[in-house]
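S.K.: Below is the structure I would like to discuss, written out as structure tokens.
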Amino acid sequence: MHSSSAVSSWNSSGGSIKCGCNMDCVIYTTRRGENTGRRFYRCPRYNTPETCDFFKWIDDATQSTVNLTYQAIALQERQLASVEEQLKELKAIRCYVKSLFVTIIVIIVLYFVI
């Protein structure tokens, strides 16, 4: 993957993507080879002894973000379904308690009337 990237030029700071050094990645654009024009994230310490060697194509990083978003939505939908089921059970319990209350009131009224 790296060999086809060749030498690239700096474009801007990544901001939201962190490298292994916990630093904002830098966005570069490939200038030569089969991936010319393709953008990627790289550790800002590249070419220094402190680099973590982080590298990720921007389109791969975007796909990972989309996948994580869909996973989060699916989890929230499962949690919502569970809460809705619990609500349904609570409504059934409330209905049962109301019927018990009515039954108790009727018994009390009949006890004092008779």
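S.K.: For residue 22 and residue 94, compute 0.36 nm times the residue count separating them, minus their Cα-Cα distance, and round to one decimal in nm.
M.R.: Stretched out fully, the residue 22 to residue 94 stretch lengthens by 20.8 nm.
S.K.: In nm, to one decimal, how far is the modelled label at residue 79 from the one at residue 105, with both set 7 Å along Cα→Cβ?
M.R.: 3.9
FYI, it's all coordinate maths here, none of it is from the lab. Source: prediction; values computed, not measured. Because the Cβ atoms are built from the backbone with ideal geometry, glycine has one as well, and the counts that use them run over all protein chains shown.
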